[in-house]
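The values are calculated or read from the model by the stated rules, or taken from the named source; none is laboratory data. Remember, it's a predicted structure, so these values are computed and weren't measured experimentally. Cβ atoms come from the backbone with ideal geometry, glycine included; neighbour counts cover every protein chain shown. When the accessible area is computed, the model is the full protein with side chains, heavy atoms only, and any ligands, DNA or RNA have been set aside. Shrake-Rupley method; radii C 1.70, N 1.55, O 1.52, S 1.80 Å.
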Amino acid sequence: MLLTACGGGGDKPKANDKIAGADTGGATSAAPGPSATQSTGRPKIELPSDLTLTFEGSKTGDSIKDAVLADNAERMRAVDAAIAGTDSKGAALGYYNTGKALEAALTWVNQFKDTGSTLTGEARYYNRTVTLEGKTSASLTFCADESKGYSKDKKTNKINKTPVTKNSYVLYNTRLDKSSEGVWQTSQIISTRGAAQCQP
């Protein structure tokens, strides 16, 4: 099962993992961890050729909501790039995450590193809904279809294919806060596997 955001628990990443540290309360200051050294440009995020992320509904007609959606997409891609090793320094992680969301992302990336695993396959994000909460805060809910994504052993390239179940579909509830540089950083993220509103 492809777990494209962040999770935790157990010796190896599992299909039913919950997000580590993501179910805690309000926004906090940024945790120690990777940070972008670029102040004028965004980190370039590249994913391996065998990993594809698709984000539906990126254009709402509202420029602010579109910016929230775009930075959330980059956040999801940043986590996968750190796991896959295409962003080994995690520059984009610290750029698109802050607070508890950054802590959770770092924990999840480290779990893959500790188990010698990476990601392969496809993930699709849909039903993406933004609610603006003032000029610098927003909430975003969205679904993930992880039925065609898997973990892969880095040394053997063996793919851990798992059957498709209701838990292949995940509901995310996130909070984003606009940084002084104008980046919509994810500060909180909570996932619910098997949520009814995300089932096909």
Does region 182-194 hold any residues that are touching a helix residue (DSSP H, G or I) at 6+ places or on another chain (Cβ under 9 Å) and either over 16 Å from residue 148 (Cα atoms) or open to solvent by 30 Å² or more (accessible area, probe 1.4 Å) (or both), and which are they? 182, 183, 184, 185, 186, 187, 188, 189, 192, 193
So which residues in region 125-171 are within 21 Å of residue 109 (Cβ to Cβ), surrounded by 17 or more Cβ atoms within 10 Å (Cβ to Cβ) and among the hydroxyl-bearing types (Ser, Thr, Tyr), if there are any at all? 125, 150, 151, 162
Test for residue 95: is it surrounded by fewer than 20 Cβ atoms within 10 Å (Cβ to Cβ) and either modelled with pLDDT of 95 or more or over 26 Å from residue 179 (Cβ atoms) (or both): no
Is it true that residue 31 is in contact with a Cys (Cβ under 8 Å, 6 or more places away or on another chain), surrounded by 14 or more Cβ atoms within 10 Å (Cβ to Cβ), at pLDDT below 50 and not aromatic (Phe, Trp, Tyr)? no
Working only within region 172-181, note down all residues that are in a strand (DSSP E or B) and surrounded by fewer than 18 Cβ atoms within 10 Å (Cβ to Cβ). 173
